[in-house]
Amino acid sequence: MTEPRNPAACSRRRFIVAAGAAALAGFSGIRVAHADQAMVDEAMMKLIGDRKPGDGTMIKLDLPEIAENGNTVPLKFEVESPMTGDDYVKSVHVFAEGNPRPDVASFHFTPASGKAAASTRMRLAKTQNVVAVAEMSDGKVYMAKKEVKVTIGGCGG
Amino acid sequence: MKYAKLMLAGATAAMVAGGVALAGEWGQYQVEDRRSGYTYMTDETRFIQNDDFENPAMLWVEKGEELWSTVDGKEGKACQSCHQDAAESMKMVGATYPVYAPEIEKLINLEQRINQCRSERMGADEWKWESDELLSMTTYVRHQARGTPMQAKVDGPAKEFFEKGKAFYEERRGQLDMACMHCHQFYPGGQLRANVLSQGQSNGFPTYRLKWQKVGSLHRRFRGCNKQVRAKPFANGSDEYVNLELYLSWRARGLPVETPAVRN
Amino acid sequence: MAKPRVKAPSSVKKGQVFEVKCLVSHKMESGQRKDRKTGEPIPRMIINRFVATFNGKEVFSADWHPAISANPYMAFYMKAEESGDLELTWIDDKGEKITAKKSITVG
């Protein structure tokens with residue numbers, strides 16, 4: 001869970017950087033650390049192996065353009081599909097490219113779902129792309145992305 | 001000509017996006033120039049407040065309802081024993097508190113009244129200010145007044161405390177040397193980094209703040225505001241905050257009780 | 001953990017697709033926060049699995065990570081061919097479960 005610190009950095013510089021980060025993060029004690037592309041790729045590979053996602057034009061990803069607050073960002077999606085026994089959406093995996101850990105959630109559907117759609121609320125640490133990867137019953141995978149702007153508010157409390 | 005129209009449309013869109021209302025647009029959430037914090041939120045946040053199922057704060061209202069009929073304390077009573085149906089007996093509390101209490105010769109607010117009932121009449125322990133129990137009970141009780149216009153009494157014996165609350169509101173404090181009025185009276189609609197400043201109205205408290213990810217009390221918000229201008233916050237239930245609470249109730253006069261509101 | 005809230009129609013037509021909404025109170029402690037006083041990291045404690053079954057058969061499920069907000073909200077769809085019980089289960093990192101049940105009549 002903890003990110004390795006550079007032991008060589010002088011303590012004063014660390015203090016200034018930490019103070020700056022603390023000021024940015026406010027009083028809530030959130031660590032400002034973000035995933036890199038390697039982590040996102042690794043998280044995706046764990047779920048879909050080395051399958052390359054095609055363009056997810058059938059995925060409708062509903063997210064606010066600007067999040068009121070990064071703690072509670074409404075997420076809604078729907079994947080067009082017949083949702084029958086041999087042609088349905090198995091899972092939709094959601095990632096947040098800029099969060100400390102990119103995994104957000106995986107949603108698993110069955111033909112009894114009727115619709116491959118769901119909504120929930122997520123935490124976003126900063127402005128970033130939210131990625132939805134749909135895994136179909138025939139093994140094909142598709143991806144859609146949307147950027148959500150998350151800003152540091154000026155007025156905590 | 002066309003360009004001017006486009007400019008006006010663009011400016012209007014920007015104003016609406018920035019929380020500046022067009023005349024009559026906010027319905028019950030605006031009275032004269034007093035606007036509920038509801039009007040400064042994004043569509044998504046308002047959506048969460050508008051639906052009682054979507055609103056996570058309703059979990060606290062439900063808990064409050066449970067506690068209302070739960071016996072607690074040496075006297076073997078529940079709130080319900082004396083107050084019967086909350087929808088009837090509590091229906092004006094959210095719109096009128098804090099009130100002058102002759103037995104203590106100063107204002108009493110809802111949290112204090114609940115604890116006074118518990119300790120003096122139920123023989124039960126007082127609840128901590130920001131505890132789930134007290135938050136649930138205050139949210140439940142104020143919720144009974146939802147939709148009722150705020151109408152606190154600020155004359156008679158309450159006047160002295162109202163004036164104190166007003167003075168507090170206008171007094172500079174903290175390293176940033178700012179008063180409540182600077183953000184909430186001079187600059188609502190303006191921006192503090194990415195937050196849109198509201199009028200700091202109290203009609204939706206206790207409120208589910210997305211930032212807190214839970215329901216929080218008005219005094220919690222006061223403490224946060226004071227810390228933000230780098231002033232030492234006062235204690236929950238302090239005279240300063242209870243007087244301020246009355247002043248804020250007056251500032252919100254006519255706005256509907258929205259408890260439990262959803263804010264950023 | 002507190003009582004969950006569930007919203008689903010009490011009666012539906014056979015094969016009709018309908019929405020189920022639910023909300024449960026839970027801090028969803030991410031493990032990213034530090035205790036303000038001690039500086040120690042607050043350990044992760046989240047609900048990491050949500051399962052919806054109808055008459056014992058899974059219709060929808062989800063794996064949650066710390067990026068899911070506190071007081072997690074979940075809305076999904078399903079259809080029913082016969083009357084029965086919708087059962088929702090939330091499981092946390094310790095394996096503790098919360099459940100909720102709703103009867104649905106298929107007309």
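The values are calculated or read from the model by the stated rules, or taken from the named source; none is laboratory data. Predicted model only: the values in this text are computed from it and were never measured. Counting neighbours? That spans all protein chains shown, and the Cβs are built from the backbone with ideal geometry, glycine included.
Points worth noting:
- Checking B:Asn55 against (1) in contact (Cβ under 8 Å) with a residue 40 or more places away in the chain; (2) under 15 Å from B:Glu258 (Cβ atoms); (3) within 14 Å of chain C (Cβ to nearest Cβ); (4) not in a loop (DSSP other than H, G, I, E, B), the condition it does not meet: (4)
- Taking the criterion of being within 13 Å of chain B (Cβ to nearest Cβ) and surrounded by fewer than 16 Cβ atoms within 10 Å (Cβ to Cβ), the only residue of region C:34-76 that qualifies is C:Arg36.
- Per-region count, region B:187-196, residues out of contact with any Leu (no Cβ under 9 Å at 6 or more places or on another chain) and either at pLDDT 95 or above or buried (at least 20 other Cβ atoms within 10 Å of the Cβ) (or both): 2
Conditions (1) assigned to a helix (DSSP H, G or I); (2) not small (Gly, Ala, Ser), marked per residue:
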position: B:Ala158; (1), (2): yes, no
position: B:Leu192; (1), (2): no, yes
position: B:Cys225; (1), (2): yes, yes
position: B:Gly254; (1), (2): no, no
position: B:Pro260; (1), (2): no, yes
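- Sole residue being part of a loop (DSSP other than H, G, I, E, B) and either surrounded by 14 or more Cβ atoms within 10 Å (Cβ to Cβ) or touching a Leu at 6+ places or on another chain (Cβ under 9 Å) (or both), chosen from B:Lys91, B:Lys63: B:Lys91
- Within region A:114-150, the set of residues being surrounded by fewer than 18 Cβ atoms within 10 Å (Cβ to Cβ) and among the β-branched types (Val, Ile, Thr) comprises A:Thr127 only.
- Enumeration of residues in region B:95-116 that are among the aliphatic types (A, V, I, L, M) and in a helix (DSSP H, G or I): B:Ala95, B:Leu110, B:Ile114
- Exactly one residue among C:Thr53, C:Thr38 is part of a strand (DSSP E or B) and among the hydroxyl-bearing types (Ser, Thr, Tyr), and that residue is C:Thr53.
- Among residues of region C:50-73 that are of a type in the set (Asp, Glu), those with a beta-carbon under 8 Å from a residue that is part of a loop (DSSP other than H, G, I, E, B) at least six positions away or on a different chain give the pairs C:Glu58/A:Thr110.
- Test result for C:Glu19, free of Cβ contacts under 8 Å to residues at least 60 places away in the same chain and of a type in the set (Asp, Glu): yes
- Of all the numbered requirements in (1) of a type in the set (A, V, I, L, M, F, W, C); (2) under 18 Å from the mean Cα position of the chain (by Cα); (3) not in a loop (DSSP other than H, G, I, E, B), A:Ala112 misses one, and that requirement is (2).
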